[in-house]
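A.B. asks: Here it is, the structure in full.
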Amino acid sequence: MMYTQFIDGALTKSSGDESWINYNPANNIPLGEVCQSNEQDIEAAVDSSEKAFHIWRTKTGAERGRVLLKAADILRSRLEKIALLETHDVGKPISESLAVDITSAADALEYFGGMAAGIHGEFFDLKNAFGYTRREPLGICAGIGAWNYPIQVAAWKAAPALACGNSMIFKPSELTPATALELANAFMEAGAPPGLFNVVQGDGRVGAMLVDHPRIAKISLTGSVPTGKKILTAAASQLKKVTLELGGKSPLIIFEDADIHNAVSATLLANFYTQGEVCSNGTRVFVHHQIFDSFLMKLKERTEKIRLGDPTDPDTQMGALISKAHMEKVIRFIDSGKSSGATLLTGGYIPETDFKGRNITSGNFMTPAIFTNCNDSMDICKEEIFGPVLSILKFDTEEEVIERANNTSFGLSAGVFTNDIKRGHRVIHQLQAGTCWINNYNITPIELPFGGYKQSGQGRENSLAAIQHYTQLKSVYVELGNVESPY
Ligand code: TXE
């Protein structure tokens, strides 16, 4: 099979001849060939997006909203097919892609589709005059995606962009080329003008072409901090608008009065969903010394029950890491943790069989790992691992844990578990993170803004906050009297 581009309403082959093989992470069997878009393809995508933008911007919000809502229905009606594509591409359990990935993409289309008719400016009464503002679209926006939540990332960017009247060119990660094409198809079938949502394929070079293109007005990236810095630097030469959703090394703080069962559930969610390949994961788990031993015992027990194996099996709870190279990187962190003196309490090895006894040695599987006896300066506690590895850190006081939690250049997320309502808010208000949870973790409803502080990004996705990142504000002054002039 060939993963194509989607330009001007149709699946198209790249005009170049560079391509690579996309592998299934669960067995490393080729899924198909992906063609790398070249400059000519980008030019065609930009021409087509520009044409679509001029049609789309004249539609009313209600008209645009209808297309988004219909696209959401189409995604939901193809839930099983798209979920399976995502599972084959990413290696995540089918139970997750059925419950979260496609649903979250559809939620975004519904939220912004429903809101499109309500995007408006403001009116200002002035002396012998009045003023008003208009929220106008930016033009062609480029979305550049990561590989852990391919269709969700695409929809989180496309939905607000299109609702605001922009068009979008989307480049999925080179490791997950499949489901952006499904989203493109859904928009077309829902009545979008050809070119409103184009998909180009390729690695960072294609991303860079989009960033550098003078007719592209805005870039929205979900990816790593180093890529975010490169994009911001390149975009600066044209003062292009940029939204960045980057990585993290987030703290999850468990106080002694927390509901321990819920805290353990959240710690598992915060670290092992999608094999731990989640940017907002709470990988530094700070546990109060009074409950340290009992928390750890329960966490270990439940971690060891996680059903790891064939991602297409509905009973599987943890699948395969995205690539062999990424798995090796995660294993290097396991080695680094051990050699720096931390204790590997459980997991962190490559299993031969899955929970049903099937041989899984051809896939990129690693058992969920817990490190104890950690300190804040170890690499495993400072760097984003992006795999199923958590570090437990003991603390004594509230003041101490806040300082240690904030001692990082990242600032994507943070969580606090406590039954003391005052302490919950007091602590969260002092944590330097853009997306926080009290008594839960990794819940990202479309209604709430999502994004990072410090080096975890800039701008926000989801919620009303996304609207300001996909529009520009025009102020209009209207004179009702005479022009008063000193000349
Ligand atoms: O990211 P990259 P990867 C982070 C996380 C993880 C790392 C690895 O830190 O360890 O990313 O993922 C494109 N100009 N997150 O390797 O390399 C690239 O082709 C323009 C966090 O995929 O940053 C891909 O489409 N584009 C995250 C995208 O950028 C460029 C979720 C991301 O690639 C480019 C997933 C360039 N110079 C990973 N270079 C989250 N926040 O959710 C690369 N790209």
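A.B. asks: So which pairs qualify, if the first residue must be in region 439-456 and in contact (Cβ under 8 Å) with a residue 24 or more places away in the chain and on the phi > 0 side of the Ramachandran plot, the second must be away from the ligand (no atom under 16 Å from the Cβ) and among the β-branched types (Val, Ile, Thr), the Cβ gap must be under 9 Å, and the two must be at least 6 apart or on different chains?
C.D. replies: Short answer, once both residue conditions are applied: Asn439/Val416; Asn439/Thr418.
A.B. asks: Here's something else I'd like to know. Keeping to region 437-473, report how many residues are crowded, with 19+ Cβ neighbours inside 10 Å and either in a strand (DSSP E or B) or among the aliphatic types (A, V, I, L, M) (or both).
C.D. replies: Final tally of qualifying residues: 7.
A.B. asks: Given (1) within 27 Å of the chain's Cα centre (by Cα); (2) under 26 Å from Glu96 (Cα atoms); (3) surrounded by fewer than 20 Cβ atoms within 10 Å (Cβ to Cβ), where does Gly309 come up short, assuming only one miss?
C.D. replies: Result: Gly309 passes all but (3).
A.B. asks: List every residue pair whose Cβ atoms sit under 9 Å apart, with the two residues 6 or more apart in sequence or on different chains, where the first one lies in region 363-389 and is at positive phi and within 14 Å of the ligand (Cβ to nearest atom) and the second, anywhere, is assigned to a loop (DSSP other than H, G, I, E, B) and of a type in the set (A, V, I, L, M, F, W, C).
C.D. replies: Cβ pairs passing all conditions: Phe386/Val278; Phe386/Cys279; Phe386/Leu321; Phe386/Ile322.
A.B. asks: Any idea how many residues of region 273-293 are away from the ligand (no atom under 16 Å from the Cβ) and in a helix (DSSP H, G or I)?
C.D. replies: Count: 5.
A.B. asks: Pick from Gln201, Gln238: which is in contact with a Pro (Cβ under 9 Å, 6 or more places away or on another chain), surrounded by 24 or more Cβ atoms within 10 Å (Cβ to Cβ) and among the polar types (S, T, N, Q)?
C.D. replies: Gln201
A.B. asks: Another one. Quick check on this structure: which one of Val211, Val225, Val242 is more than 8 Å from the ligand (Cβ to nearest atom) and at pLDDT 95 or above?
C.D. replies: The unique qualifying residue is Val242.
A.B. asks: Find all pairs meeting these conditions: Cβ atoms under 7 angstrom apart; at least six residues apart or on different chains; first residue within region 338-360 and basic (Lys, Arg); second residue in a strand (DSSP E or B) and modelled with pLDDT of 95 or more.
C.D. replies: Cβ pairs passing all conditions: Lys338/Leu344.
A.B. asks: Right, here's the next one. Sort out which residues of region 36-78 are out of contact with any Gly (no Cβ under 9 Å at 6 or more places or on another chain), under 25 Å from Gln152 (Cα atoms) and small (Gly, Ala, Ser), and write them in order of number.
C.D. replies: Result: Ala62, Ser77.
A.B. asks: In this structure, does Phe386 turn out to be surrounded by 14 or more Cβ atoms within 10 Å (Cβ to Cβ) and farther than 21 Å from Leu246 by Cα?
C.D. replies: Spelling it out, it is not the case that Phe386 is surrounded by 14 or more Cβ atoms within 10 Å (Cβ to Cβ) and farther than 21 Å from Leu246 by Cα.
A.B. asks: Scan region 447-471 for residues that are within 16 Å of the ligand (Cβ to nearest atom), of a type outside the set (D, E, K, R) and in contact with a helix residue (DSSP H, G or I) (Cβ under 7 Å, 6 or more places away or on another chain) and jot them down.
C.D. replies: Pro449, Gln455, Gly457, Gly459, Asn462, Ala466
A.B. asks: Would you tally the residues in region 154-178 being within 16 Å of the ligand (Cβ to nearest atom), out of contact with any Cys (no Cβ under 7 Å at 6 or more places or on another chain) and under 27 Å from Leu232 (Cβ atoms)?
C.D. replies: Final tally of qualifying residues: 14.
A.B. asks: Also, quick follow-up: One residue is enough: does region 13-28 have a residue meeting the conditions assigned to a helix (DSSP H, G or I) and surrounded by fewer than 17 Cβ atoms within 10 Å (Cβ to Cβ)?
C.D. replies: Looking for residues that are assigned to a helix (DSSP H, G or I) and surrounded by fewer than 17 Cβ atoms within 10 Å (Cβ to Cβ), one finds none in region 13-28, hence no.
A.B. asks: While we're looking at this one, here's another question. So Arg302 passes all but one of these: (1) part of a loop (DSSP other than H, G, I, E, B); (2) under 17 Å from Phe355 (Cα atoms). Which condition number does it fail?
C.D. replies: If we test Arg302 against (1) part of a loop (DSSP other than H, G, I, E, B); (2) under 17 Å from Phe355 (Cα atoms), just (1) comes out false.
A.B. asks: Among the residues of region 139-153, is any modelled with pLDDT of 95 or more, away from the ligand (no atom under 15 Å from the Cβ) and not hydrophobic (A, V, I, L, M, F, W, C)?
C.D. replies: yes
A.B. asks: Check Pro314 against each of (1) surrounded by 15 or more Cβ atoms within 10 Å (Cβ to Cβ); (2) touching a residue at least 60 places away in the same chain (Cβ under 8 Å); (3) farther than 18 Å from Phe371 by Cβ and name the one condition it does not meet.
C.D. replies: Answer for Pro314: the failing condition is (1).
A.B. asks: If you don't mind, another one. Determine whether region 117-136 contains at least one residue that is buried (at least 24 other Cβ atoms within 10 Å of the Cβ) and of a type outside the set (A, V, I, L, M, F, W, C).
C.D. replies: no
A.B. asks: Give the number of residues within region 317-335 that are within 15 Å of the ligand (Cβ to nearest atom) and assigned to a helix (DSSP H, G or I).
C.D. replies: Number of matching residues: 10.
The values are calculated or read from the model by the stated rules, or taken from the named source; none is laboratory data. Owing to the predicted nature of the structure, the values given are computational and were not obtained by experimental measurement. In this analysis, Cβ positions are derived from the backbone assuming ideal geometry, glycine residues included, and neighbour counts consider all displayed protein chains.
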